[in-house]
Amino acid sequence: MNVFSMFDGVGGFIVGLENSDSEFYKVMYSNQYEPSRKSQDAFEVGRYRFPDMVHLPDDIAEIPDSKFIEMRKTGVNMIVGGFPCQDYSVARSKKNEMGIEGKKGVLFWEIVRATRIIEPKYLILENVDRLLKAPSKQRGRDFGVMLSAFHQLGYSVEWRVINAAEYGRAQRRRRVFIIVYKNDLNWAKHLDLELQKDKNKELFYERYIFEDGIFAKEFPVKKNPVKGRVHTGSVDKDIANISDNFASQFWNSGVMRHGFFCTIETEPIIEKAIPLKEIILKNEEVEEKYFIDDKKLEKFRYLRGPKKLERTSFDGHKYVYSEGGMSEYDSLELPGRTMLTSEGSVNRSTHLLKVDGRYRLLTPIEAERLQDFPDDWTKYKRNEKGDVELVSDRMRMFFMGNALVTGIVKRIGDGIKKNYEKFEKKKL
C-alpha cells in the first residue's frame, strides 16, 4: 500500500504501519502544518526521521488539487490521518463546541477532497470518541455527515472506539478509529454476495461487527451487545440534508455500507495491559530536573485534591465549581492515564510518579513509550537549512499528548494487510 499521511504530527501512523509491515506499507507523502505556531517543530521531526519521504509543510487547505492528482498518478492508494480534533474535544465546553462547523473541524473536508481526487482503496482515520456524539444539540450529526460524505464517494466505513490499555498497551487512551474502504474492492463485493445469501440485513451486519469485520478480527469483543444496545439507520448522499436534519445514536462499534448503518455497544475481550512500572526509567537514569521539590509537590496535592470553588459566569451569575479528588500520584501497577498536550506543565492531569520514595514527572522517553514510539523519537529535528537541532522537552511532551498509540495502528495495519491478501489478490 502506498500511503499519504495527512495531519501527520510526528509520524504515529507511519510508525504503526511500518511496525506492521514496512514492505507492505510504503509511506510516500506526509503533510504536517500547525497554523498557530511559527516554528513547525513536528514537521521538522518528520523531516529528520523520514529523509526520503515527500514532506508537505503547507496548510492542507492550500495544497492544490494538482498535488493530489500527482499522488494518484504515483500510486497512492491509502490515506491515513488523525484529523484535528480540537472542536470535538472534551476540553471545550458543550456550549462552545463547534464540531464540523469549527475552524479546525472543517479540515475534514480536506480529507474528502483528497479522497475524491486520489481515490484510495483504504483510509484509516482517528479522532476523539466524542466525535460519535457531537454536537450536543444534534447528537450524532457530525459523524452522520462524515458517513454521508464517504457514502457519496462510494466508500464503506467501519469504526471502533478503542481503549489502548484494554488491548494490551501502556496507556488508558480512548479514541475512535475509522476504517474506510472502496466499494469496488473484492472485499466489498464479497460482502455484497454474502448479504444476498443471508437475506437478513440487520443480523448480517451484527455478525460483521462481532465476528467478520476488520476490527472484529484484530480487536475481539464479547458476542453480545452491552445492555442490548443495537441501532440501525441510514444516511443519504445529500450532505446538506444530513447536516440540517440528521441525529442518531452511534455506539462504540459500527459499520456503514451503501448508506445503511448498524451500530452496537460492544464490550472488549480485555488483554493484560502494560503497567507503568514496566516502561519507566530507573531513578538513576533520570535527570534531576524531572524530580520535584516540596513546593511543587504541594501544588500537585492541591490540584489533584477535592475542591469547591466559587466562580462567576460571563453573565455575572455566581456558582460553586466542585471537583473530586484523585490519587496523590499515579500507580505504577496500572497503565498510564491519558496524556494531554499539557503534560509538560504542572496541572491536575499531569502524571506524577513516586519511584523509590522520590516524586518526579514523566520524562520525554517515558511519554514516547506510553504512545509506543521508539525511545528519543522526538529528540531531534531538521530545520530549513538542513541542520539537526534538539527539540525542547516541552514540545516533545506536547507531541506525545497529541499523538496516538502506534501499537493500535500496527494491529489495524495487520488486519488490513490480511484482508487485502485474502481478497484483493484473487478474483471472486
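The table below gives the values:
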{"item": "Exclusive hit being part of a helix (DSSP H, G or I) and buried (at least 21 other Cβ atoms within 10 Å of the Cβ), set L195, L131, L123", "result": "L131"}
{"item": "Options T341, T312; residue that is touching a helix residue (DSSP H, G or I) at 6+ places or on another chain (Cβ under 8 Å) and either surrounded by 14 or more Cβ atoms within 10 Å (Cβ to Cβ) or β-branched (V, I, T) (or both)", "result": "T341"}
{"item": "Some residue of region 277-288 being part of a helix (DSSP H, G or I) and within 28 Å of the chain's Cα centre (by Cα)", "result": "yes"}
{"item": "Out of E424, E368, sole residue that is touching a residue at least 24 places away in the same chain (Cβ under 8 Å) and closer than 24 Å to W187 by Cβ", "result": "E424"}
{"item": "Members of region 251-276 found to be part of a loop (DSSP other than H, G, I, E, B) and within 20 Å of E166 (Cβ to Cβ), listed by number", "result": "W251, N252, E265, T266, E267, I269, I270, K272, A273, I274, P275"}
{"item": "Matching residues, region 147-172, being in a loop (DSSP other than H, G, I, E, B) and buried (at least 22 other Cβ atoms within 10 Å of the Cβ)", "result": "R169, A170"}
{"item": "Single residue of region 315-336 satisfying the filter (among the hydrophobic types (A, V, I, L, M, F, W, C) and surrounded by 13 or more Cβ atoms within 10 Å (Cβ to Cβ)) that is nearest to E271 (Cα to Cα)", "result": "L334"}
{"item": "Among (1) more than 20 Å from the chain's Cα centre (by Cα); (2) over 21 Å from Y155 (Cα atoms); (3) not assigned by TED's automatic domain parsing to the domain that holds L353, the one test that G259 misses", "result": "(2)"}
{"item": "Single unsatisfied condition, G401 versus (1) buried (at least 16 other Cβ atoms within 10 Å of the Cβ); (2) of a type outside the set (S, T, N, Q); (3) in contact with a Phe, Trp or Tyr (Cβ under 6 Å, 6 or more places away or on another chain)", "result": "(3)"}
{"item": "Residue satisfying all of: in region 237-250; of a type in the set (S, T, N, Q) and part of a loop (DSSP other than H, G, I, E, B); nearest to K222 (Cα to Cα) among these", "result": "Q249"}
{"item": "Cβ pairs under 7 Å, 6+ apart, first in region 67-80 and of a type in the set (G, A, S), second surrounded by 15 or more Cβ atoms within 10 Å (Cβ to Cβ)", "result": "G75/N2"}
{"item": "Contacts under 6 angstrom Cβ, first residue in region 254-265 being under 11 Å from H231 (Cα atoms), partner of a type in the set (K, R) and in a loop (DSSP other than H, G, I, E, B), 6 or more apart", "result": "E265/R229"}
{"item": "Pairs, first assigned by TED's automatic domain parsing to the domain that holds E384 and within 20 Å of F83 (Cβ to Cβ) in region 48-60, second at pLDDT below 95 and surrounded by fewer than 17 Cβ atoms within 10 Å (Cβ to Cβ), C-beta under 7 Å, six or more apart", "result": "none"}
{"item": "Spans of helices (runs of 4 or more DSSP H) in region 1-93 with at least 1 residues under 21 Å from the mean Cα position of the chain (by Cα) and either crowded, with 24+ Cβ neighbours inside 10 Å or not small (G, A, S) (or both)", "result": "12-21, 41-49"}
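The values are calculated or read from the model by the stated rules, or taken from the named source; none is laboratory data. None of the values given here were measured: they were computed from a predicted structure. Cβ coordinates were reconstructed from backbone atoms using ideal geometry, including for glycine residues, and neighbour counts include every protein chain displayed.
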